Amino acid sequence: MQITETDFHIASSVTAFLPGKTYHFIVTNQGKAMHEFMIMPGSAGSMNGMSMGSMDKSALVSLDMIDPGQTQTLEYTFPTSAAGSHLEFACHFPGHYEAGMKLDVVVTTA
């Protein structure tokens, strides 16, 4: 599945996921600034002021330091415990999340 990051937006070809299924994420930074890609709990918006280290620990999975023009990939399986939950794709570099680098996604129950 294709994820596109720009300055400052995240778009995805898929926003609803099944638990227990492995997904192949292809993340491309089409912006001019470096970005990251994180899958975060839906409460990520309330993490203002949290250190990057703490955010990294809260992330379900992340790709750090995606340079402009670069594509990185990862495989991730949403756990069964995530069924019915609302998550976010996000970049939490300073000011990026606040500028709109977030996308609500859901892990469906069936």
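The table below lists the values:
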item	result
Pair list, Cβ < 8 Å and 6+ apart or interchain, from the range 62-77 residues that are at positive phi to residues that are open to solvent by 60 Å² or more (accessible area, probe 1.4 Å)	MET65/MET34; GLY69/GLN30
Filter result (surrounded by 14 or more Cβ atoms within 10 Å (Cβ to Cβ), polar (S, T, N, Q) and not in a loop (DSSP other than H, G, I, E, B)) within the range 1-31	THR4, THR6, SER12, THR28, ASN29
Answer residue from the range 71-98, given it is of a type in the set (Phe, Trp, Tyr) and part of a loop (DSSP other than H, G, I, E, B) and is most open to solvent (accessible area, probe 1.4 Å) among those	PHE93
Test result for SER12, at pLDDT below 95 and of a type in the set (Ser, Thr, Tyr)	no
Residue match in the range 44-56 (condition: modelled with pLDDT of 95 or more, hydroxyl-bearing (Ser, Thr, Tyr) and open to solvent by 20 Å² or more (accessible area, probe 1.4 Å))	no
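The values are calculated or read from the model by the stated rules, or taken from the named source; none is laboratory data. Keep in mind it's a predicted model, so treat the numbers as computed, not measured. Virtual Cβ from ideal backbone geometry, glycine too; neighbours counted across all protein chains shown. For accessibility, only protein heavy atoms count, side chains too; no ligands or nucleic acids. Shrake-Rupley method; radii C 1.70, N 1.55, O 1.52, S 1.80 Å.
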